[in-house]
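The block underneath contains the structure these notes are about, expressed in structure tokens.
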Amino acid sequence: MKTKLRHAGFTFAFGLLLGGGIVNTGWMLRSSGKSDPGNSLSPRQIGNLRRTSSTPAARGTSAAGGSGEKARPLATIDLQKAWRQSLEISNFAECSEAIMVLMREWGRQDPAAALEMAGTLPTGLLKQEAFSAACAGWASLHPDAAAHWATAHLTGPLAGETFGSIAHEWATHDPSAAAAWVATLPDGVRSESATTLVISVWAETDPQAAVAWIDSFANAEKRHSALGTLVSEWCSQSPVEAARWVDSRLGNPEAGELAEALIGAWGAQDPQAASQWVMTLQHDAQSTTAATLLSLWAGSDPQAAADWAAQFPEGDTRSEAIAAIASAWAGSEPEKAIAWTLGLPDSPEQRDALDDSIRTWADIAPADVGKWVEQQPPNETTDHLRDVAARSLVESHPEDALAMVGKISDATQRDDSLAHLLKRWARADPAAAKAWIAQADLSPNVTGRVRFPEQ
């Protein structure tokens, strides 16, 4: 959706400028040290333009009486002068935004002149955006003409960006015609943006028609990707309808991708409702979608996500669900994540989740995980956690890692852990490892297993 709003934002931003009271004096954009205070945009006006040019309200171009009506007085403005003053803006982001707004309107009034001017820019992002905006303005009135010109004259990155803006404008008014044009484009970068934008627009008005179009794609990979895009967009409008459609396709080759796309969008909106749908799935589809949902859910309500994950019976779904929630939760609240995993029934997935939580914590806060391990009661579980944490710490904090495993109560496990860590340290920094061994009180069972590169 973001790409679509970016293109649609041009006209709204231009309407905002008109509403800002600058029509009577002409469009004079702020430049670096050369502007006329009476005819320039203030910093506040430019800030307003930036904030509002990407809002959903920017789609007003397609509505009767929208910002297209407001743009009529622009015929009296000196667009050539506005172009020159836009290029004088020293801040690239502000210059780019001003050029896009200007070129969209210029493309509506005189596309040949606008495109000729865009062609004078040096190769780069600004040139891409100028062509894209000019063709977007042209396509808002004559999409077939803009499309014909773009396919005949543009290649590479210029083509991909511009095809997308034309497709969006065309689809807003006539999605089936836009789709017919996009279908003539060669597969690859040049058609990806255009295809995505047609789907995004069509999903809002007639997703079933979009499905029929996508199903006609000969390329299976492109078809599956496009259907995933459609599901994500459809879900933002009506997740229940989108889910019902995905259910109807679960026997097809693209079923896994569709389920993932749906749960990715739905889980961000309403994870509780999404979880109910996941429970209706079978086997592999349930496992993968549950893991995806939990990774999202853990960001907003990890305890609710953990409670849901614990409800699954033994099996692949439960294993993947527990691993997903433990890793995600440990990234933000490691002590709570570890407490949760320790409270689960003893099982291979519980032990794996506990290890993953410790590793995640060791990666993001090594000092904290070390303090926490020291506070745990001496037992077999704590010895295991010392070993897991130390293996994650040895590359960044080798001495701390060795001190941690040196407190393992079982002598055999302690020696095995020390030998393993010292081998890794000897490979990474043999001089430091050798110096540490020389002053340490280690058994021959440990030192005899360590080999240095020169040996």
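Quick notes on this one:
- Net charge over other residues, Cβ less than 11 angstrom from the Cβ of residue 208 (K, R count +1; D, E count -1): -3
- Net charge, residue 255 excluded, C-beta distance under 10 Å - Lys, Arg +1, Asp, Glu -1: -4
- Extension gain, residue 215-residue 248: 0.36 nm per intervening residue step, less the Cα-Cα distance, totals 10.5 nm.
- Exposure of residue 279 as accessible area (Å², to 10), given a probe of 1.4 Å and all protein chains: 90
- For residue 439 and residue 346, a Förster radius of 41 Å and the Cβ-Cβ distance give a FRET efficiency of 0.55, rounded to the nearest 0.05.
- Charged neighbours of residue 409, selected by a Cβ distance under 15 Å, balance to -4 (K, R count +1; D, E count -1).
- Using only the C-alpha atoms, the convex hull of the range 284-383 corresponds to 88 Å³ per residue.
- Overall size of the range 163-308 from C-alpha positions, given as principal axis extents largest first: 49, 27, 25 Å.
- Kirkwood hydrodynamic radius over Cα pairs of the range 313-455, then Stokes diffusion coefficient at 25 °C and 0.890 mPa s, in µm²/s: 153
- Within the range 299-329: backbone nitrogen closer than 18 Å to the residue 272 label point (7 Å, Cα to C-beta): 299-311
The values are calculated or read from the model by the stated rules, or taken from the named source; none is laboratory data. Treat the numbers as computed from the prediction; the structure is a model and nothing was measured. Virtual Cβ from ideal backbone geometry, glycine too; neighbours counted across all protein chains shown. Just so you know, the surface numbers come from the protein's heavy atoms only, side chains and all, with ligands and any DNA or RNA stripped out. Shrake-Rupley method; radii C 1.70, N 1.55, O 1.52, S 1.80 Å.
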